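Input: a single structure, listed below in structure tokens.
Read the figures in this text as sums done on the coordinates, not as results from a lab. Nothing here was measured: the structure is a model prediction, and the numbers come from that model. Neighbour counts run over all protein chains shown; Cβ positions are idealised from the backbone, glycine included.
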Amino acid sequence: MSAREWRIEVMHGVNLDQLGRRDPALYGTLTLAQLERRIEADARELGLATRFFHTNHEGEFVERLHALRDHADAILLNPGAWTHYAWAIRDALEIAALPALEIHLSDVESREPWRRTSVIRELCFATVSGRGPDGYGEALALLREALERTDRGSGSSAPAAGAHAVRRGRA
């Protein structure tokens, strides 16, 4: 276990502030505030520090990614619908150059065809999708493992994008 407390930026994009109002069969019943409290508790158990960010404005999401380099060790991001077409977010994630994990509450691969496209996936070392709120705990554990491997001297500043792992479906 690392003595270092890793800083994880948890970024939520468009419409995630509507959790608790959106289709509960797809997104569950937790509000964004409730989800963030749960994420924070899971992170604390793993010795991780979290900072949360949400916006419905793509430019703000991009600007936050630009500013992360000195404030986070890794990114856990759910851009919402921007996942599927927001090339500016993809480029900003590349500029941030931090280990990143893509997460979705619903199983985007089993939904509409347009949701199966992710413009950020190639920049993320893993994707967790369709595991509801539990997926965030799994994602945090994956981030911690990746950061610890990097910290042990792999010589890389981030996990290899080619080693992309995908976890889907209900536990």
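Values as computed for the structure displayed
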quantity	calculated
Highest-MSF residue in the chain out of PHE52, PHE61, PHE125 [GNM, Cα springs under 10 Å]	PHE52
Additional length obtainable on full extension of the chain from ASP134 to ARG116, 0.36 nm per residue less Cα span	4.4 nm
Rounded to 5, the percent of DSSP beta bridges in the chain classed as antiparallel	0
Rough spin-label spacing in nm, given labels placed 7 Å along Cα→Cβ, for ARG69 and ALA41	3.7
Neighbour net charge for THR31 - beta-carbon separation under 11 angstrom, K R +1, D E -1	+2
Choice from ARG111, ARG121, ARG51 showing the highest fluctuation, given a GNM over the chain with Cα pairs closer than 10 Å	ARG111
